[in-house]
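A short reminder: the numbers here are calculations on the coordinates, not readings from a lab. Because the structure is predicted, anything quoted here is derived from the model rather than measured. Positions of Cβ are generated from backbone atoms using ideal geometry, with glycine treated the same way; all protein chains shown enter the neighbour counts.
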Amino acid sequence: MAVLRLVFNIAWFVLGGFVMGLAWWFAGLLCFISIIGIPFGRACFVIGEMAFWPFGQDSVNRRALNGLDDIGTGTLGLVGNIIWFLVFGIWLAIGHIVHAIACAVTIIGIPFAIQHFKLAVLCLTPIGQTVVVRN
């Protein structure tokens, strides 16, 4: 299973994952310009790593994972997600959707399209989420 995951991740990286991972990291760099944007930038780098190698990783809500509330899973997280969506989220989601449509044209590209759609949904509300490795 690990070999198949590696093959899919390498193919993903070559067929669009590299571009979208860089887009996430670029958004993260822009977020680090201001002090207020640092938590957003950190989330961008974590999710950007997932955008480079998505197979074998999932995003989950931190409240569901830990059973505890934190600053990103409460009201401030909601406000942060609204700001995120208006500034960066919509553009990253559009990028993932365009890549997903391009991948879905072929049968072989359908698993890649699913990953792009998963990341597009994550683009909408990344604050309060974390990336976990699936076994």
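Selection over the stretch 95-120 of residues that are in contact (Cβ under 8 Å) with a residue 24 or more places away in the chain and under 13 Å from the mean Cα position of the chain (by Cα) gives a count of 7. Each residue in the stretch 122-135 was checked for being touching a residue at least 24 places away in the same chain (Cβ under 8 Å) and not in a strand (DSSP E or B), and 8 pass. Which one is surrounded by the most Cβ atoms within 10 Å (Cβ to Cβ) among residues in the stretch 62-94 that are under 18 Å from VAL131 (Cβ atoms), over 15 Å from the mean Cα position of the chain (by Cα) and among the polar types (S, T, N, Q)? It comes out as THR73. Filtering GLY72, GLY80, GLY95, GLY89 for residues that are part of a helix (DSSP H, G or I) and over 30 Å from ALA11 (Cβ atoms) leaves a single hit, GLY80. Only residues that are crowded, with 19+ Cβ neighbours inside 10 Å, touching a helix residue (DSSP H, G or I) at 6+ places or on another chain (Cβ under 6 Å) and assigned to a helix (DSSP H, G or I) were counted in the stretch 98-121, giving 8.
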